[in-house]
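Just so it is clear, none of the values below were taken in a lab; they were calculated from the coordinates. Model, not experiment: these values are computed from the prediction. FYI the Cβ positions are ideal-geometry reconstructions off the backbone, even for glycines, and counts take in every protein chain you see.
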Ligand code: UDP
Ligand code: MN
């Protein structure tokens, strides 16, 4: 027994290098075989799968209409059902036009009254380095007519024009959906931050554009009309917050030369990526901060006077 063990030991020792190189050879052959078969496999790599979920294939392969990039900015609070319909619909609509775009849901999470204008200012600031134009886009307004173009606007382009919008028909109306390039939005100092609650922030923005001598353009040669160009998915339960308190009524009737993009006060609580149907989007959770010495009406509950009727 002892002799046999010694023999084995001696044999192993003298043939050590031969054994080692044989083992290494076998391992190399196995690894090479694995790599080769992997390369010829049709199964998608991990990154491909992720990319496919984020952006449908036709979007990547067919290329974009131009090199411009659009940030769709959607002021948002508590409109979940509308968002479920909006996101996949608008994403597909823009893909059909080959618009290179991303959708941002500007979710107001503080306890102040809703402030559509400040949310859009924040959306612009948070996205501007990567996009050269924005769409200020209500979550409840869906473009139905394929000829409504979302291409880069050399002048502000009001898609939800008064002759097409189902509800608002006055000439100076520029709400609903407005495309504006990044330079022009910066030039007019964005939107006023004084508009807490529903209404008038878009009318004030109209005056900003006019004062800057910008030309507001609108879709023409559209064969559909006020009832079939857009779908306004605004349910009756969605009451508009038309309360006016403190001196809100007087102040918000005037052009605001004080506030805008440069002084919007906010905190970003988080960024969340999500996908709704085919649509990838980013939710930005925004906490707006109100300076009550300038706009006490961001919260009407402390107004003891009798101005709360709309
Ligand atoms: N909005 C919101 N939550 C609110 C109020 C408004 O998300 O509590 C957003 C939403 O994008 C909506 C837009 O602000 O489409 C304009 O508000 P609303 O639809 O009430 O105004 P309308 O144009 O119908 O008068
Ligand atoms: Mn609406």
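Table for the structure above
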read-out	value
Estimated D of the stretch 51-203 in µm² per second, where Rh is the Kirkwood radius over Cα pairs and Stokes-Einstein applies at 4 °C, 1.567 mPa s	81
Two-site FRET efficiency, residue 81 against residue 207, from Cβ-Cβ distance with R₀ of 41 Å, rounded to 0.05	0.75
Whole-number D in µm² s⁻¹ for the stretch 193-255, Kirkwood Cα-pair radius fed into Stokes-Einstein, 4 °C, 1.567 mPa s	87
Cut-off 13 Å (backbone N to label point 7 Å along Cα→Cβ of residue 170), residues of the stretch 249-278	253-254
Rounded Å value of the spacing that divides the Cα centres of the stretch 154-198 and the stretch 70-127	15
Residue exposure sequence - 290, 298 - by fewest surrounding Cβ within 10 Å	290, 298
Residues listed by number, the stretch 76-108, amide nitrogen under 11 Å from residue 65 label point at 7 Å toward C-beta	93-101
Value of Rg/Rh across the stretch 164-297 [Cα atoms, Kirkwood radius]	0.98
Length added when fully stretched, residue 289-residue 25, from 0.36 nm per residue minus Cα-Cα	88.3 nm
Order by protection proxy (mean Cβ within 10 Å, highest first), peptides 162-171, 175-184	175-184, 162-171
Gyration tensor (alpha-carbon) shape descriptor, the stretch 107-195, a/c threshold 1.5	oblate
Least to most buried among 173, 80 (fewest other Cβ within 10 Å first)	80, 173
